[in-house]
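The values are calculated or read from the model by the stated rules, or taken from the named source; none is laboratory data. Remember, it's a predicted structure, so these values are computed and weren't measured experimentally. In this analysis, Cβ positions are derived from the backbone assuming ideal geometry, glycine residues included, and neighbour counts consider all displayed protein chains. Surface accessibility is based on the protein's heavy atoms, side chains included, excluding ligands, DNA and RNA. Shrake-Rupley method; radii C 1.70, N 1.55, O 1.52, S 1.80 Å.
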Amino acid sequence: MRSWRGLVVFAVLLLVSAACNGSSAQRDALLRLNGVGGAGTGGSAAPDQTGAAVPSDSGVVPSGAPSVGGPGSVGASPAAGAAPSFGTPAAGGRASASGGSRSASSATPGGAPVSGGGGQAPAARPGAAASSAASAASPAPGAAPAQANGNTDVGVTATSIKVGHIGIYSGPVGYVGQNLSLAARATLQSINDSGGVNGRKLDVLVRDDGWDGTKGINAARDLVEREKVFAICCTQSVSTTDPLTAYADQQKVPNVGPDGWGLVQYGGQWSWPLGVPAMSEARVLAKWQVEKQGVKKAALLHLNSPTGQSFRDGYKEVLEKMGGKLEVVQAASFDDPGTTTLLARARAANVDTIAIYADSGIVARLMREAAGQGYKPPKGFAGSTFYYFNVTPELTGPAGEGLISSSHWTPHDQDTPGLRRYREVVTKYYPKIDHTAWTVTSFVGANLFADTLKKLGLNVTRQRLKDALDSTTDYDLGLGTKVSFRPGQHHANTATHLVQLMREGDKLAWKSIGYDDRDATFDK
Amino acid sequence: MLEVRGLTAGYGPVVVLRGIDLTVGTGEIVAMIGPNGAGKTTTLNAVAGMLPRGGDVLLDGEPLASAAEQVVRRGVALVPQGRKVFPRMSVEENLFMGAYPRGGTWRDFDRRAEPIFSIFPRLAERRAQIAGSLSGGEQQMLVIGRALLSEPKVVMIDELSLGLAPLMVETLLDTIVRFNRELGTACLLVEQAATAALEIAGSAYLLRRGEVVYHGPASRLRQDVDVLHGAYFGTATGTAAAAGRR
Amino acid sequence: MSITDVTTDVERAVQGAIRTAASSVASSATTPALTRRARLSRLVGGVVLAALLATLPFTMHWAGPAFAVDYGLIVAMAVLSISVLGWIGEISLAPVAQMGFGVVAVNVCQVHHIPFGFTLPIVALSSLPISLLLAAFTLRLKGVSFAIATLAFAYMAHKTFFLEYLGTYGAFGGTGTTQVARPSFVRTDESMYYLELAVLIAVALVCYAINRSRVGARFTALRESEMAFSTLGHPPAAYRFFAICLSGAIATVAGALFVYLQLQVPSNLLLPAQAILFFGYAVAGGLGSVTGALAAGAVFGAIPKYLETLTKSEFLNYDLFVIGLVVFVVMMKAPGGLAEIGRRVWRRVEGSPA
Amino acid sequence: MSKLLQTVIIGTVTGSLYSLLALGMVLVYRTTGVLNIAHGGIGVMAGFVAWDLVQLRHWPYYAGLLVGVSFAVLVGLAFERFVVRRLPNAGSRTVATLGLFLLAQGVVFVVPWWSNNSAQVFPSPFTGRVVSIPGADFAVSYDQIVLVGTVVLLFLGLQFLLRRTRLGMAMRAVSDDPAASRLMGVREELVAPVVWAMAFGIAGLSVMLIAPINLLENTSIVAFTLKALAVTFVGGLVSLPLTVLGATVLALLEAFTQIYAADIRGLPSAWPFILMVAVLVIRLIRPTKALDEQALAAA
């Protein structure tokens, strides 16, 4: 009679464990969706000599040269389109991008999460001169004392560097968020496949935050304090990156390539954001709309968040400075988008355009509703990179035609060497990725991280990485923006390109409208 | 017509009825009286199928099912203690629920309800009122009326007069006599306060500690206060009378 | 009988509890009624529990960061604040909103450079006006109506206040969200744990004390029959106000600790729907039981966080599902909640008749 | 003038949306005394099932709709059979619906090919067709008309069911006094499944009607359900007409403040609370002896 309670507990435990196993199946499904069979993609892709040659052509556009993956592409293809074949289920998931190298990290020095390298930091490397090929040449033996066995800092061994990455795979924006993470993982994997960083493989630990700050911060703490990662790379889940900025400073852990949408991220000494602040997007957009479209009166719908408010403030400031007027402003949230009332007010105020700062879902709701009423402002709808995804035209349907968004990097319809290389690297691992400004940010972030590490030679420490990143000048992958950081000034990217949904055959596709501009407000 | 033989019932391990025998003839009014805790209410609930029971319950010689829904369909209606109206439904709707076991629909409701309204004109006045807001006496009328709408052969009424003013009890007893005469419905009337019930009953049963201790014409109990008294308090006369029953 | 009477009762109860706590070790060891096995298991259990509590963040380090237990303690406090209202037989969905006011209060304290020592007491006091408002508004409501009313209150607090003050979805930016700095002595999550534990133990002791005292008995009476309660000359309103204020203070302090743990709290962590979830935890833990609240904090706060890290976030998608399942199973099989299961298990350990 | 008319139309449509969700909850509460917290969650789950069939597997729309609603109905039947019936009172049943809500949400997140696409397009056959309103410079979509029409039909249907049919009367009787209704020949074990099946079916249908207007999206539908909950309060959780009235008033207030008083930030979101306070004050001034609470006390 009493034993059933024990049974209940047991059953619950069983279910929990089943749930956990089940989820790896889910990830496999996700990977299949992206055309990759298992995950252990190209572990055996024989990097050898190529590895040393490729990496840091920094100052120069890497042009066609690298195509490192050439021979390695074998690894990628097998299960590409092929049916279920669960391939390597256990290895699947997000555990580790680089095969089995995780076991190696057990040798990390015990305590001292804080970088002990403060003293040995090569302050003697001031100039930006360094940027070029110098790094590749210097596996300089004996450059630093502690590297006899290669354990130069937390998370670094002779053969690997432990890197944490937090992505969005579930939650309210999991549907677009996963693309950012997949792009980052593809890039990091490509770096490993082409030889890693001066002989060390990047051991990437991937976590999901479900777009929830408590979960993201929990993951970050786990990565930093327990798994003892060397750095966090390409984390672009804004609900996590904002609090992560403070945490990275507190722990002195490098946080390379966060989204940089919220202005708070630029206050961190240990964060190097690569996206464009929402405020900059808004300024550029407003300027263009007044200059090119002759917008005089505008309505604006923004998510009621500080970033949304900064978008609103930037838009209003520029619009009104140039003689226009923001007639209608409305705040939205995910559970209460308020699109209907915004439309009514915009129509009553007879505005020229409706500017939006919201995700694809809310944008789609707004435009479908407007189309339902047979209404379109004379100059159409425009807004931020928030919905520069291919999912947006799928959600809006034909109603989305003419929608203007912005991009932080060269828009995807262009055919530049940089974009070709980006696409080649990313689609090799995840063919069905939904390309957007943010996936490119992932790509740049991962490359910047690896290339800067390469510059450090074998003596990899957090402090040296910070110094090297702080002296990055004109890092350019041919994607439209040259990235430069200075100590205390991490506003690297403020360039905005505009794109528009145009008809292409029977579908809508994002097309560049040939307008690029920079918001100079943050230059100091 | 309604025949109960060796009825036993209880609540879990507690045995309340130790074999009750009881008969209600066609068109008869039978009173069942007894002190607090004698098992009167339990008897009614057991017959009505609200409690698990042992022994035989027959209606017109056929065994009566033990599920409440079937008992009422066969024509044995219970008016439970405490005036259990449906408080959030109107008077009319309460009455409609009475007709439910007869497959009543609203279409022929008026026809069915007409005799009831003529017996209880007060209910007709308050047709649309919410039952929860009626006075105690009106609620008791409603519950009796509701039971009658199931067109029962026997109505069992539990503690008719509980908590009602004497004048109202008079009125209610009058209505019982009236529907008994007009509709021919037999009535098993359970009362703790005995005198009122004995006024209108033909025969009477006296219960004590789960057993019938007296059975006979109501008039005798009415006249012979000693028998009544004895039954209530378990004195010799009472048992003697019980013996005399056989 | 008025509010002041209630408070003096509470004071006496707390003093009593402190006395009992001081003498409990000695007395429990000497109680003759206990078998040797029971005594032994109590002693061992108590020592193990104390040792576990004292070292939890470190002993669980294999499973995840100390953040998990820290978060578990905060959930426990939030659940406790719901449980406390179980004393008067009501269900409140406002605690999440009250946690939000705690976040705001910490923010304000920080802006005005109030030393940490004063912050928590100020936060606890700051909950009073809001609780009184809520209590006045819900004075005449019972049961489902009360729950809905508190939910509406939480909804309004979230929509009209936190969204403006804290920002939605810290996500798309926490730019305006003020960061909160921890005091130097709780720089790490491990030390944060001990701060939280101390606060929680204090709160739990107060709750135990009140529950055991005359006030607790009166709460029971109030819950059973408000009419009988008031005919005995006690003012139901005073007790309702008191319970709501106590619950509010606990929730607000939990919110304050939450922001210290998280460093900033965007309003999407304070959604009204979250309150429904917490209520589920409270039920599964055992409504009205202090122990149950603590158990719920462990089961629904800490363990999922550990699972997140142990499974490399693979668990993330499943938490709602599993929590729903647990609530369901507990509802069906042990209406008294985890607290009841714990008691049963413990009785078997002690060997006393169940 | 056209702005005014637009506002009224917007309010009416939104009000219908709240009504739609609230009516289902009132049905359950009125006939069982249980507050069905799972209402929105079940609806979303059923909506995703239908969406899955129609959009991913290219079933005909109505077939998908039917399967989605039937799915919800089955869940309702199972819930009644295996959970509700085994729990002792309305309070514990309400908590069980909470568990069900969490489970339903969990399912929506767990199914891999649903969770990674949180907002979904789920058009109905009417989507895209509109009727323009003369004088309003405004058009109303067929979907919205269908929504409003369904609410009217549902309201009338439920009123008829609960007031005029044997089944509805039996449902109400059971909720008023289960023992007395057994004496009336009502078999609770036959009535209760109908209630739950119907309520869950309505939940599923509601979400499928809302989806073409709002997209199929979890967060907002759950938020709508919370507002609908506040609306049910107006009708004391039992009155259908007052519920619809409350929903419409709430939606109109929201629409008017959003459009005419947009500068008072946060006011539109405060309406549910203000509305409840107003209802409380009215009840205070005119105590009508809230019967719902009386019945609850008796239960």
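Key figures for this structure:
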read-out: Restricting region D:26-79 to residues that are open to solvent by 10 Å² or more (accessible area, probe 1.4 Å), among the polar types (S, T, N, Q) and modelled with pLDDT under 95, the residue that is farthest from D:TRP196 (Cα to Cα); value: D:GLN55
read-out: Selection status of A:ASP242, without any contact (Cβ under 8 Å) to a residue 40 or more places away in the chain and acidic (Asp, Glu); value: yes
read-out: Unique match (being under 17 Å from the mean Cα position of the chain (by Cα) and assigned to a helix (DSSP H, G or I)) among C:ALA284, C:ALA273; value: C:ALA284
read-out: C:THR168 vs. criteria open to solvent by less than 30 Å² (accessible area, probe 1.4 Å), in a loop (DSSP other than H, G, I, E, B) and either within 14 Å of chain A (Cβ to nearest Cβ) or at pLDDT 80 or above (or both); value: yes
read-out: Residues being among the small types (Gly, Ala, Ser) and closer than 16 Å to A:PRO172 by Cβ - total across region A:206-257; value: 5
read-out: Region B:196-227 - residue that is surrounded by fewer than 18 Cβ atoms within 10 Å (Cβ to Cβ) and among the aliphatic types (A, V, I, L, M) and, of those, modelled with the highest pLDDT; value: B:ILE200
read-out: Every residue from region A:317-348 that is without any contact (Cβ under 8 Å) to a residue 24 or more places away in the chain and open to solvent by 20 Å² or more (accessible area, probe 1.4 Å); value: A:GLU320, A:LYS321, A:ASP335, A:ASP336, A:ALA348
read-out: Lone unmet requirement of (1) over 22 Å from C:GLY143 (Cβ atoms); (2) part of a helix (DSSP H, G or I); (3) at pLDDT 90 or above for D:LEU21; value: (1)
read-out: Residue count, region A:346-367 (criterion: outside any loop (DSSP other than H, G, I, E, B) and more than 8 Å from chain D (Cβ to nearest Cβ)); value: 11
read-out: Restricting region A:192-224 to residues that are part of a helix (DSSP H, G or I) and open to solvent by 10 Å² or more (accessible area, probe 1.4 Å), the residue that is farthest from A:LEU448 (Cα to Cα); value: A:LYS215
read-out: Any pair with Cβ under 9 angstrom, 6 or more apart, that starts in region A:467-490 at a residue that is closer than 14 Å to A:LEU448 by Cα and ends at one that is among the acidic types (Asp, Glu) and in a loop (DSSP other than H, G, I, E, B); value: A:LYS482/A:ASP474; A:LYS482/A:ASP476; A:VAL483/A:ASP474; A:VAL483/A:ASP476; A:SER484/A:ASP474
read-out: Failed criterion for C:ALA282 (all others in (1) closer than 25 Å to D:LEU226 by Cβ; (2) away from chain D (no Cβ under 14 Å) hold); value: (2)
read-out: So D:PRO272, is it without any contact (Cβ under 8 Å) to a residue 60 or more places away in the chain, open to solvent by 10 Å² or more (accessible area, probe 1.4 Å), within 12 Å of chain C (Cβ to nearest Cβ) and part of a helix (DSSP H, G or I); value: no
read-out: Residue under evaluation A:VAL264, criteria (1) within 11 Å of chain C (Cβ to nearest Cβ); (2) β-branched (Val, Ile, Thr); (3) over 30 Å from A:THR452 (Cα atoms), criterion not met; value: (3)
read-out: Residue selected from region C:110-140 under the condition within 14 Å of chain D (Cβ to nearest Cβ) and modelled with pLDDT under 85, by the criterion most open to solvent (accessible area, probe 1.4 Å); value: C:ARG140
read-out: Sole exception among (1) assigned to a loop (DSSP other than H, G, I, E, B); (2) of a type in the set (Val, Ile, Thr); (3) modelled with pLDDT of 90 or more for D:VAL191, by number; value: (1)
read-out: Yes/no for D:ALA211 being assigned to a helix (DSSP H, G or I), away from chain B (no Cβ under 14 Å), open to solvent by less than 10 Å² (accessible area, probe 1.4 Å) and farther than 22 Å from D:VAL281 by Cα; value: yes
read-out: Any hit, region D:53-68, residues being within 20 Å of D:THR32 (Cβ to Cβ) and in contact with a Lys or Arg (Cβ under 9 Å, 6 or more places away or on another chain); value: no
read-out: Residue under evaluation A:LYS252, criteria (1) surrounded by fewer than 24 Cβ atoms within 10 Å (Cβ to Cβ); (2) out of contact with any Phe, Trp or Tyr (no Cβ under 9 Å at 6 or more places or on another chain); (3) more than 11 Å from chain C (Cβ to nearest Cβ), criterion not met; value: (2)
read-out: The one condition in (1) assigned to a helix (DSSP H, G or I); (2) within 21 Å of D:VAL151 (Cα to Cα) that D:THR94 fails to fulfil; value: (2)
read-out: Residues of region D:24-54 that turn out to be closer than 25 Å to B:ARG88 by Cα and assigned to a helix (DSSP H, G or I), as a count; value: 10
read-out: Residues within region A:225-249 that are more than 9 Å from chain C (Cβ to nearest Cβ) and open to solvent by 10 Å² or more (accessible area, probe 1.4 Å), tallied; value: 3
read-out: Condition broken by D:VAL131, with the remaining ones in (1) in a strand (DSSP E or B); (2) at the interface with another protein chain (Cβ under 8 Å from one of its Cβ atoms); (3) of a type outside the set (Lys, Arg) satisfied; value: (2)
read-out: Of residues in region B:125-150 being outside any helix (DSSP H, G or I) and open to solvent by 30 Å² or more (accessible area, probe 1.4 Å), the one nearest to B:ARG112 (Cα to Cα); value: B:ARG127
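Yes/no matrix, rows are residues, columns are (1) touching a residue at least 12 places away in the same chain (Cβ under 8 Å); (2) farther than 20 Å from C:ILE276 by Cβ; (3) away from chain A (no Cβ under 14 Å):
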| site | (1), (2), (3) |
| --- | --- |
| D:THR12 | yes, yes, no |
| D:LEU17 | yes, yes, no |
| D:LEU21 | yes, no, no |
| D:MET25 | yes, no, yes |
| D:TYR29 | yes, no, yes |
| D:VAL34 | yes, no, yes |
| D:ALA38 | yes, no, yes |
| D:ILE42 | yes, no, yes |
| D:MET45 | yes, no, yes |
